[in-house]
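The next block holds one structure in the form of structure tokens; read it before the comments.
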Amino acid sequence: MHKSIFFLTLLTSFVVAENFDVKMVNADASGQVMVFDPPFIKANVGDTVTFLPTDMLHNSQSVPGLIPSSANSWNGAMNEKITIELNAEGVYVYQCTPHIALGMIGVIQVGSPTNIDDVKNSVSSLESMIVMNKERVQQYLAQVN
Ligand SMILES: [Cu+2]
């Protein structure tokens, strides 16, 4: 094989990690208030997610028990950008801590949803903290496939 063809083949066999931006906003384009935009992401192991403080008084925090057991947890500071690396396959549920009662949560699927049964069995404790927009939990989880 010609040397340059060999190297091209080698390069294209690597999967490039991707970054997904999620805006933390008071309202999105569809009129949902206190919401992550977009609220559902499908990614691969090694990808990153950057939470952007587009509007003030939001954060992003992984919900204990609702991320894969070997995943890195995170707890972003209020009004600050945070980038997390998705190190494990599965489903991740996260919240905006000051707005959990308003249903400000999001879901990330990384590769195969290995822990989806655990998440569905444990998510009621999160739902019990939500007063408004409780239906978002099941809406977002329904996008996992
Ligand atoms: Cu918030």
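Every number in this text was worked out from the coordinates using simple rules, so none of it is lab data. Just so it is clear, the structure is predicted and the values come from calculations on it, not from any experiment. Every residue, glycine among them, receives a Cβ derived from its backbone with ideal geometry; neighbour counts consider all protein chains shown.
Per-structure values
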item: Rounded to 10°, Cα long-axis angle of helix 3-12 versus longest principal axis of the chain; result: 10 degrees
item: Cβ-based charge dipole, the stretch 16-141, positive-most Cα from Thr50, Trp74, Val25; result: Val25
item: For Ser122, Ser60, order by how many other beta-carbon atoms lie within 10 Å, fewest first; result: Ser122, Ser60
item: Bridge type composition, the stretch 16-141 - antiparallel percent by DSSP, nearest 5; result: 65 percent
item: Volume in Å³ per residue [convex hull over Cα atoms, computed for the chain]; result: 129 Å³
item: Asn72-Ala142 pseudo-label distance in nm [points 7 Å out on the Cα-to-Cβ vector]; result: 3.3 nm
item: Relative contact order (%) - criterion: Cα under 8 Å, at least six apart; region: the stretch 16-141; result: 25 percent
item: Student exercise, the chain dipole from Lys, Arg, Asp, Glu Cβ charges, in Debye to nearest 20; result: 140 debye
item: Distance from the stretch 75-145 to the stretch 15-67 (C-alpha centre basis), Å; result: 10 Å
item: Candidates Ser73, Ser128, Ser112: whichever shows maximal mean-square fluctuation once the chain is modelled as a Gaussian network with Cα springs under 10 Å; result: Ser128
item: Gaussian network model of the chain, springs between alpha carbon atoms under 10 Å - residue of Ala43, Ala88, Ala71 with greatest fluctuation; result: Ala71
item: Lysine pairs meeting the criterion (Cα under 18 Å, 8 or more apart or interchain), as found in the chain; result: 4
